[in-house]
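Structure record follows, encoded as structure tokens.
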Amino acid sequence: MINSLEKAELVINRENADRFLESIVELDAACFPLHPWDAGIWKGLFDHHRLLVYLALRQKQPVGLLAVSLLPLEAELLRFGVRQNVRRQSVGSGLLDGLVRELTRLSIATLFLEVREDNRPACLFYRAKGFITVGKRKDYYCNPRSSALILSYRVAQDNVPPRR
Ligand SMILES: CC(C)(COP(=O)(O)OP(=O)(O)OC[C@H]1O[C@@H](n2cnc3c(N)ncnc32)[C@H](O)[C@@H]1OP(=O)(O)O)[C@@H](O)C(=O)NCCC(=O)NCCS
């Protein structure tokens, strides 16, 4: 399915999720080999959240994914990963840029996420992008144990059109 597309990015929602589920699950396992989410988990997310999944494509192959749950006034980043062999090549930055454009269009001003405190690459990424720490859940994760940081990103208010 993806092979027939020329785009650099795909946006997947509940309506077209079935077509891309296999690609999402495969890419998720490549990005998160220790804790992959199977098709059942992804289906549940599409069923129970207003979920958007952004897939970054290189030579028509999915190399990065970002999943976000949209609420009326805020959004929560649920999954964000890039294939190991293309990290530090701005794939993650491109995915986040695409999401911020969509949040701006939807007048959603705040993006939240949880990250393991010991996940140095991710913490450095979020810091570089302007996320700030707004909370901490001590020893939230196990295997191995780590606290969770709750980060928040303010979508530029200047860019957010007034809600109708
Ligand atoms: C976090 C992640 C998605 C970043 O994706 P990426 O495509 O590698 O990020 P980018 O190339 O766009 O990096 C943008 C900036 O973030 C910072 N950054 C990203 N990875 C970094 C690292 N390993 N070390 C230091 N800084 C880093 C840098 O400032 C970088 O800019 P630069 O390359 O010009 O110095 C990727 O590391 C990943 O998939 N990690 C494994 C999954 C994961 O832990 N996800 C987060 C769960 S909350």
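Points worth noting:
- Two-site label geometry, Glu114 and Tyr140: point separation in nm, points 7 Å out along Cα→Cβ: 0.5 nm
- Range of Cα positions in the chain per principal axis (Å), largest first: 46, 42, 32
- Trypsin sites (Lys or Arg not before Pro) lying in DSSP loop within region 85-127, provided at most 13 other Cβ fall within 10 Å: Arg88
- Other-chain or far-sequence residues with amide H under 5 Å of Leu57's (modelled H): Glu9, Leu10, Val63
- Within the accessible area of the chain (1.4 Å probe), percent carbon and sulfur: 50 percent
- The calculated FRET efficiency for the pair Arg101 and Glu15, based on their C-beta separation and a Förster distance of 22 Å, comes to about 0.65.
- Compactness relative to 2.2 N^0.38 Å, alpha carbon Rg of region 45-96: 1.22
- Per-residue HN-Hα couplings for region 129-136 [Karplus 6.51, -1.76, 1.60; θ = phi - 60°; Hz; x = Gly/Pro]: 8, x, 5, 10, 7, 10, x, 8
The values are calculated or read from the model by the stated rules, or taken from the named source; none is laboratory data. Computed from a predicted model, the values in this text were never measured in an experiment. Cβ sites come from the backbone with ideal geometry, for glycine too, and all protein chains shown count toward neighbours. What goes into the accessible areas is simple: the full protein's heavy atoms, side chains included, and nothing from ligands, DNA or RNA. Shrake-Rupley method; radii C 1.70, N 1.55, O 1.52, S 1.80 Å.
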